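To start, the structure itself, in structure tokens.
The values are calculated or read from the model by the stated rules, or taken from the named source; none is laboratory data. As the structure is a computational prediction, the values presented were derived from the model and not from experiment. Please note: Cβ atoms are built from the backbone with ideal geometry, for glycine as well, and neighbour counts cover all protein chains shown. Surface areas here come from the heavy atoms of the whole protein model, side chains and all, with no ligands, DNA or RNA. Shrake-Rupley method; radii C 1.70, N 1.55, O 1.52, S 1.80 Å.
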Amino acid sequence: MIPEHVMRELRYIEVYTGKRIRNLRVGAYTSPLRGPGFDFDEHQPYRHGDDVRRIDWNVTARMGAPFVRHTHAERELNVMIAIDVSRSMALGAAHRSKKELMTFITGSLLFSAVSDQINTGFLAFSDRVLESSPPRRTRAAAWSVLERCWALSPRPGRTALLPAVRHLSTTLKRTSVVFIVSDFISDEDLFGSQELAMLAAKHDVIAVVPLDPTEAALPSGGGYMQIRDLESGRQVAVGLSARTRRAYAAEARARRDALARAFYRVPMDHVFVPTDGSPVEPLLSLFAARMAR
């Protein structure tokens, strides 16, 4: 079960995203190859040249004149959200854990896609693909995805993104927007292989990277502190001297900068989302920048 404090935040995000993200995320995509779809738009009086197969006979009988049923064109775009549920996502020394932040990010994307009538699927992975679901469009499906992802328990072992990338490459038949929500902490040579680049060549891939403040700086104080790797279980003692703090902060900045450069080389868009800030505003900034291009 999703904890109550997480549910409260998700309910707020569901309302908030319907107003803010919907028009910024990907825009209105319609297929130029298909005819009218099934989503109702409006009724209009019949005019010469209208398709008689579109006449709504129920409305025609009530109004005493022929009326045509108009529908929205079918959506051409699917959204796929790949979610990292590995043990490293349990880190959280600030306002919320990376797992909670990942849930809020996923909720933002799901609710905005549903409100914009775009089919959305999901894939959950840790050291392998744990679960996947094809794109769907209902509000109930969005909440079902959030509940299933929260309940997933990762297997012991390191995070592996390449199995998820391969799965997406083989299963996505239509051009899609693919969000990969992960801290990208992995021993793989993800950017050295061509598999991520091949996925980005066929689809619009966007990396969403949760960041916890403890990953950027050591806490204040003196003495030593014990640090444990959540995935390997390895523990080390770290001295809290000024020199160690500077080295730790420099290494964290270098990793973030290297990760950003790797995303640019793919190429793919990316956004860093801190656990102690808004889970929605960084996404809004990214979507607004994409619209301005």
I need a count of the residues in region 105-130 that are open to solvent by less than 50 Å² (accessible area, probe 1.4 Å) and either assigned to a strand (DSSP E or B) or not aliphatic (A, V, I, L, M) (or both).
18
So which strands (runs of 3 or more DSSP E) are wholly in region 29-104 and hold at least 3 residues that are open to solvent by 20 Å² or more (accessible area, probe 1.4 Å), on the phi > 0 side of the Ramachandran plot and modelled with pLDDT under 70?
none
Restricting to region 186-213, count the residues that are outside any helix (DSSP H, G or I), open to solvent by 60 Å² or more (accessible area, probe 1.4 Å) and of a type in the set (A, V, I, L, M, F, W, C).
1
Considering (1) in contact with a helix residue (DSSP H, G or I) (Cβ under 8 Å, 6 or more places away or on another chain); (2) under 16 Å from residue 179 (Cα atoms); (3) touching a residue at least 24 places away in the same chain (Cβ under 8 Å), say which one residue 128 fails and leave the rest.
(2)
Six or more apart or on different chains, Cβ under 7 Å: which pairs go from a residue in region 199-212 that's within 12 Å of residue 180 (Cβ to Cβ) to one that's at pLDDT below 90 and open to solvent by 20 Å² or more (accessible area, probe 1.4 Å)? Could you list them?
203/175
Here is a check on your reading of the model: is residue 153 at pLDDT below 85, outside any strand (DSSP E or B), open to solvent by 20 Å² or more (accessible area, probe 1.4 Å) and closer than 27 Å to residue 1 by Cα?
yes
